[in-house]
Amino acid sequence: PDRRCGNKWGAEFSAVLPVIQLEGGELVVAPFKVGIGTAFRRISVPDLKVTERIGVPFTGTFLRYGNKLVGLGYLVESSYRAVPSVVVLDEKLQIEKRGAIDASKLRNNSACEFSAPTIQSHYLVYGADCGGVHVFDLNVMQEVSRRERVGKSNFYTFALGSNLIAAVDMGSTDGSLEGFLFEFPSLRPLRSFLLEGTQVLASADRLYVLA
């Protein structure tokens with residue numbers, strides 16, 4: 001599976017979530033979109049001078065994973081080929097591990113590819129396929145479970161417990177948010193539920209509903 005975009009990459013792909021972390025006397029800041037990849041900057045503190053620029057042939061969303069980073073997006077293999085992938089970056093911001101993602105449905109649903117990625121233990125959970133839920137094992141670098149479109153919404157946010165996952169509609173205009181409870185990480189469905197509100201935010205194993 002791949003994604004071929006040619007010169008459109010500069011406008012079509014960018015890393016969604018900024019990563020800013022302090023390492024000793026330096027800040028590590030990402031992402032800066034450069035060409036068809038991602039550029040990290042090491043910045044000294046307090047003078048804020050750039051001490052190192054590190055290019056990574058990957059574009060997408062980055063999340064902290066202990067003292068490493070996990071990227072969800074596209075691994076750049078050439079000027080016209082990018083493969084949907086999960087990557088793990090080591091402490092030196094080099095690609096330590098990589099695993100391809102099945103892109104069969106992404107080609108037909110480019111408007112809602114990856115959404116709401118979050119990490120619990122060694123599992124990466126994210127939305128894709130316009131309403132689907134995916135679980136990716138970072139130890140073995142492969143997908144271990146998925147559910148096709150679980151409800152009416154195209155986008156869900158996730159609250160994760162040790163053995164449960166709640167997927168809730170990210171926004172609603174009628175004051176009612178649909179949600180679904182699954183076993184984790186198998187995604188075996190348990191029950192559905194409704195929350196009163198127009199928007200929901202997830203943090204670890206908690207859900208915050210906004211009226």
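The values are calculated or read from the model by the stated rules, or taken from the named source; none is laboratory data. Worth saying up front: this structure is predicted, and the values here are computed from it rather than measured. As a convention, Cβ positions derive from the backbone with ideal geometry for all residues, glycine included, and neighbour counts pool all protein chains shown. Remember, those area values only see protein heavy atoms, side chains included, never the ligands or the DNA or RNA. Shrake-Rupley method; radii C 1.70, N 1.55, O 1.52, S 1.80 Å.
Consider SER203 carefully, then state whether it is closer than 19 Å to CYS130 by Cβ and polar (S, T, N, Q).
no
Output the qualifying pairs, or none if there are none: Cβ atoms under 6 angstrom, residues six or more apart or on different chains, first residue in segment 177-198 and assigned to a strand (DSSP E or B), second residue of a type in the set (Ser, Thr, Tyr).
Note: pairs meeting the criteria are PHE180/SER192; LEU194/SER176.
Using the structure shown, decide if GLU196 is charged (D, E, K, R), open to solvent by 40 Å² or more (accessible area, probe 1.4 Å) and under 18 Å from PRO84 (Cα atoms).
Answer is no for this residue.
For VAL76, are the conditions met, namely being modelled with pLDDT of 90 or more, in contact with a Phe, Trp or Tyr (Cβ under 8 Å, 6 or more places away or on another chain) and in a strand (DSSP E or B)?
No, not satisfied.
Out of GLU148, GLU113, which single residue is surrounded by 18 or more Cβ atoms within 10 Å (Cβ to Cβ) and modelled with pLDDT under 90?
Exactly one residue qualifies, and that residue is GLU113.
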